[in-house]
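These notes concern the structure reproduced below.
Each reported figure results from applying straightforward, stated rules to the coordinates on display, with no laboratory input. All figures in this text were calculated on a predicted structure; none of them were measured in a lab. Cβ coordinates were reconstructed from backbone atoms using ideal geometry, including for glycine residues, and neighbour counts include every protein chain displayed.
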Amino acid sequence: MRPSTCPCIFCELIHGGGEVSICYEDSRALAFMDVQPVNPGHVLVVPRDHHESLADVPSDLALHLFAVALQLGPIVRRLAGADGLNVVVNSGASAGQDVFHYHVHVIPRLAGDGFAVTLPFPGSTPPDRTLLDAMAARIISELRDPARAMAVAA
């Protein structure tokens, strides 16, 4: 989508509407430096076409974006002098998404940098195995549903 029909800062950047420090591009994706980085070297990998969240991205495009992130990750980590790396997708406001154009964060990490993605969550307690098994069965059922499979493939 063009910026004129899409009030999205990433669409504007993709189509030349602002300053952006591009570090990767191909016909489907663009990667650029985050202007609010967790650490130096923080990169965003975005599709050229507007997709709001993970639920909206075609699976082949999502796989391509992750392939780009996998390619950039070791380079960013080495150049940033980092000892770790997070590859993160925030999908939806409750998950921390603040720009509603799907994107993948590639974040070089340094010990003691103050950014916390702590899993398992410190306050969580493991649920009863029957609850875990019941949710797993529901997921399997959804995956086997032909109508659901067609929707995912589209």
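So ALA31 fits all but one of (1) assigned to a helix (DSSP H, G or I); (2) in contact (Cβ under 8 Å) with a residue 60 or more places away in the chain; (3) within 16 Å of HIS105 (Cβ to Cβ); what number is the exception?
The single condition ALA31 does not satisfy is (1).
Can you give me the number of residues within segment 24-35 that are surrounded by 17 or more Cβ atoms within 10 Å (Cβ to Cβ) and out of contact with any His (no Cβ under 7 Å at 6 or more places or on another chain)?
3
Before we move on, is SER21 closer than 24 Å to LEU119 by Cβ, touching a Phe, Trp or Tyr at 6+ places or on another chain (Cβ under 9 Å) and of a type in the set (Ser, Thr, Tyr)?
no
Got a sec? Which helices (runs of 4 or more DSSP H) wholly within segment 36-154 have at least 1 residues that are crowded, with 17+ Cβ neighbours inside 10 Å and more than 12 Å from the chain's Cα centre (by Cα)?
59-80
Residues LEU131, LEU143, LEU85, LEU119: which one is more than 22 Å from ARG28 (Cα to Cα), of a type in the set (A, V, I, L, M, F, W, C), in contact with a Pro (Cβ under 8 Å, 6 or more places away or on another chain) and free of Cβ contacts under 8 Å to residues at least 60 places away in the same chain?
LEU85
Can you pull out every residue in segment 6-28 that is in a helix (DSSP H, G or I), in contact (Cβ under 8 Å) with a residue 40 or more places away in the chain and in contact with a strand residue (DSSP E or B) (Cβ under 7 Å, 6 or more places away or on another chain)?
Once the filter is applied, which keeps residues that are in a helix (DSSP H, G or I), in contact (Cβ under 8 Å) with a residue 40 or more places away in the chain and in contact with a strand residue (DSSP E or B) (Cβ under 7 Å, 6 or more places away or on another chain), segment 6-28 yields only PHE10.
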